[in-house]
Amino acid sequence: MTSNYKKIGDYIQLVDERNKELKVTTLLGLSITKEFIPSVANTIGTNMKNYKIIRKNQFACSTMQVRRDKKMPIALLQEFDEAIISQAYPVFEVMKENELLPEYLMMWFTRSEFDRHACFLAVGGVRGSLEWEDFLEMPIPIPSIKKQQEIVNEYNTVVNRIKLNEQLNQKLEETAQALYKHWFVDFEFPVDSERHPELVSGSHPIGYKSSGGKMVYNEELDKEIPEGWEVESLSSICQIKGGKRMPSGENLISIKNNHPYIKVADLGTSKYATLNDNFEYVPKEVQSKISRYIVSTGDLIISIVGTIGIIKVIHKSLNNANLTENCVKITNLESISSGYLYHYLNSKEGKEEIKMRNVGAVQAKLPIYNIESFDILCPESKLFEKYKKYMTPIDSSIEKSQIENIQLNRLKVLLLSKMTKVEIEKEIVS
């Protein structure tokens, strides 16, 4: 350890406050992404008095299975004043916040280099746990409080912008889904005097069903749909093809080339499956063996194993990327657009249909033949054109925010990497 680094143990202390009076009820868990999450533990019959209380600006961590997960779960509580957490997690705090800011320390824990060092120190076979004493010995550069605050402020500016973009995209997705439901579930799409003169009493468009638009019973869907609309099996209006696993004995690589490999874990939470720095790649000499299992811009993909029913639209950055065997692609759509199908599969009705079509008692799977037989409601083409006019600006905003977040995440990593360079400045506390 260089003279400019200090031991983490010189700045933190364990805290063990139990919920003896059951005054704290907010139960949190700890994720491998270094965040607190709502606990999903079954606490029926559990004595909550034994749970630990964690307060704002205190940390909780897990030193177990660090080597197996290649990460040390550790998080700083900031969103709550107090909460309770499993007694299995060590809770600790910074002793002197005028010497070390908790947020600065959390930034250090976020670095990939910290996790690699923790893995190196872990003991106990494949799972590998980190001894508490070894954790205390791990080094950290400690610049002045002023410098720490500058670093934290710069980092938080980027993090907050990423969160803002994610919130914006969530609102846009909700708006788009609400529009889909209004038009294609409630059948209140706007009618006009040109196409439905008998339904229009004034100059303003009104909803089809509420204005008395004719509905007809459809046997396949077992409900009434607007007159003139069709119901087709999904296989009749598109092609559905599976992905492919890597050939036996071959592995993905981290060195970038023209053959990114789409895994379920890479799909993210927004609408588009987009190339980012977490992707791995198929070696050039291997790609020819699985070259038929690629996707194109605008294809829809759906996860069929594990977390079933994740729906994404392929972004142009992943055009010709290879697709995992745990997803299928829906391509060459006719009569409907990928955007329309995306919102149907993400609607309440679509999710229920996906759930009903899963098979397998031990490990559930959504087989291709059950995707092919989806009954898809196909409205009139002119209505799709109008729908597209509403959806295009929404989709453009979502795509723009996703791309911006990729750039911001790169900047976040850069800022974390700069923490070690502080040592060469004259800001280090001697």
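Numbers for the structure displayed
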item: Entry for log10 I(q)/I(0) by the Debye sum over Cα atoms at q = 0.09, 0.11, 0.14 Å⁻¹ (calculated from the structure that is shown) out of [x] -0.76, -1.03, -1.31; [y] -0.71, -0.92, -1.27; [z] -0.57, -0.83, -1.28; result: [x]
item: Of all DSSP beta bridges in the range 1-118, antiparallel share, percent nearest 5; result: 90
item: 3J(HN,Hα) from dihedral phi, the range 381-394, Karplus parametrisation 6.51/-1.76/1.60, rounded to Hz, x for glycine, proline; result: 4, 5, 5, 4, 4, 5, 4, 4, 4, 6, 7, 4, x, 5
item: Qualifying lysines (Cα of each under 19 Å from Cα of residue 289; at least 8 residues distant if same chain); result: 241, 244, 256, 263, 329
item: Charge context of residue 302, other residues only, Cβ under 9 angstrom, K/R +1, D/E -1; result: +2
item: Largest-first principal axis extents, alpha carbons of the range 1-41, Å; result: 45, 26, 11
item: For residue 271, residues with placed amide H under 5 Å, excluding near neighbours; result: none
item: Net length gained if the chain between residue 15 and residue 186 were fully extended (0.36 nm per residue, minus Cα distance); result: 56.1 nm
item: Dipole magnitude (debye, nearest 20) for the chain, charges at Cβ of Lys, Arg, Asp, Glu; result: 1100
item: Nonlocal amide H pairs with residue 231, under 5 Å, H built at 1.01 Å; result: 378
item: DSSP bridge pairs, the chain: antiparallel proportion in percent, nearest 5; result: 90
item: Residue-span extension gain [residue 49 to residue 131] - 0.36 nm each, minus C-alpha spacing; result: 26.9 nm
item: Overall form of the range 305-404 per C-alpha gyration tensor (a/c, 1.5; a/b vs b/c); result: oblate
item: Neighbour net charge for residue 126 - beta-carbon separation under 14 angstrom, K R +1, D E -1; result: +3
item: Residue pairs, from the table 71/171; 312/389; 163/388; 7/418, whose Cα atoms sit over 23 Å apart; result: 71/171; 163/388
item: Extension reserve of the residue 417-residue 364 stretch, reckoned as 0.36 nm per residue once the Cα distance is removed; result: 15.0 nm
item: Sequence-distant residues sharing a close amide H with residue 321 (under 5 Å, placed H); result: 295
item: For the chain: relative contact order, % (alpha-carbon pairs under 8 angstrom, 6 or more apart); result: 15
item: Positive-end residue, the chain charge dipole about Cα centroid, Cβ charges, pick of 275, 338, 136; result: 136
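Bear in mind that the values in this text are calculations on the coordinates, not laboratory data. Computed from a predicted model, the values in this text were never measured in an experiment. A quick note on method: Cβ atoms are made from the backbone with ideal geometry, for glycine too, and the neighbour counts reach across all protein chains shown.
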